[in-house]
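Q: Just passing along the structure, written as structure tokens.
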Amino acid sequence: MSFGFDDMNVGGQLKVGQGFVPAIKEGNSKINGSAFVEGPMVVGAGVHFPTPYATMMVGPLANPDPDCLPPFAPGALCQGLSNPYSLVVSPNAGIMGNLDVNFRIQAGGMIVAGGPIMSNCGRHVLSVKKDFDIPHPTKEGYRLRHVAPEAATADVYTRGKVRNKNKIFLPPYWKNLVSPSSITVNLTPIGAHQQVIVKRISDNTVHLQSNGGIPINCYYHIYGERIDCDRNIAEYPGTSPKDYPGDNSEYLQSGSF
């Protein structure tokens, strides 16, 4: 048996399926305006899910109403695609288990009709600098910002071991990622003092030299500062990250605001 309605308003509680649901309560103590769907439940274009993948499956918006189509639909993808997002959450979202992502995670890029516009459309999360920004521990009226790994500069590093060689070849991508003048090298001889030194750094290569030509056997740890972004300003006057005097759009902020 089925029923058809033009419109249906539920003033109390809507339940689809069986079972007791403590989160929304029941009977005289029920939470009005709450709902329970046992699932599986499909929202949006149902043809995207040939089998029950999950309790709730959210597909692309398939409503042909003009108000649901670009350019009127909010959340149009900034890459120029016409389909809106399948799911938009405002302001925050919590994940109590694992989050599996098949494609990529983006920071910024969603335009909400009648609301704020988030800048840096389609910027990949991994292209920004991870940082923490906290009240300055020793200077009143200042804040302290560090870039991962908790340093005052946006560094990258490579490390390893070199044996019976006098050259360390830096990763090829360092040519356009790291400032050559910022490179520092730490060497730790293994087994015996070899008086290993860095003779020079050129052509993305660290040239080593040992005393009397002794075979080199050492660990290395090499740092370089990124040149594809503004330099981090570690200390600055202010009471929140909003007071940062540099380009805040390069950062995913965390810490006390």
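Q: Output wanted: per-residue J couplings in Hz (rounded whole) for the range 205-217, from phi through Karplus 6.51 cos²θ - 1.76 cosθ + 1.60, θ = phi - 60°, x for Gly and Pro.
A: Coupling constants for the range 205-217: 9, 9, 9, 10, 8, 10, 5, x, x, 4, x, 7, 9 Hz.
Q: Taking θ as phi - 60°, what are the ³J(HN,Hα) couplings along the range 167-174 by the Karplus curve (6.51, -1.76, 1.60), each to the nearest whole Hz, with x for Gly and Pro?
A: Along the range 167-174, the couplings run 9, 10, 8, 6, x, x, 6, 5 Hz.
Q: What list of ³J(HN,Hα) values in whole Hz, one per residue of the range 196-203 in order, does the Karplus curve 6.51 cos²θ - 1.76 cosθ + 1.60 (θ = phi - 60°) give from phi, with Gly and Pro shown as x?
A: 3J(HN,Hα) across the range 196-203, in whole Hz: 7, 10, 8, 6, 5, 10, 8, 6.
Q: Also, I was wondering about something else. Taking the Cβ of GLY141 as the center, what net charge do the other residues with Cβ under 14 Å away carry, scoring Lys and Arg +1 and Asp and Glu -1? Show your work: numbers first, answer last.
A: Numbers: positive: LYS139, ARG143; negative: GLU140, GLU235, ASP243.
Computed value for this residue: -1.
Q: Then there is this: With a point put 7 Å past each Cα toward its Cβ, work out how far ALA23 is from ALA45 in nm, to one decimal.
A: Result: 2.8 nm between the two label points.
Q: Given labels modelled 7 Å from the Cα in the Cβ direction, how far is it in nm from ASN9 to SER240?
A: 3.9 nm
Q: State the three equivalent ellipsoid semi-axes of the range 148-257, derived from the C-alpha gyration tensor as the square roots of 5 times its eigenvalues, in descending order and whole Å. Present the calculation step by step, with values, prior to reporting the outcome.
A: On the way: eigenvalues 264, 41, 21 Å².
Square roots of five times the eigenvalues give 36, 14, 10 Å.
Q: Using Cα positions and a limit of under 19 Å, work out the aspartates and glutamates in reach of LYS165, with same-chain residues fewer than 8 apart set aside.
A: Partners within reach: ASP203.
Q: Now, a different point. In whole percent, what relative contact order does the range 166-232 give with Cα contacts below 8 Å and a gap of six or more residues?
A: Numbers: 100 pairs, mean separation 30.1, N = 67.
Reported as a whole number, the value is 45 percent.
Only the coordinates and a few stated rules stand behind these numbers; no lab work does. Predicted model, so just to flag it, every value in this text is computed and none were measured. Glycine also receives a Cβ, built like all others from the backbone with ideal geometry; neighbour counts cover every protein chain displayed.
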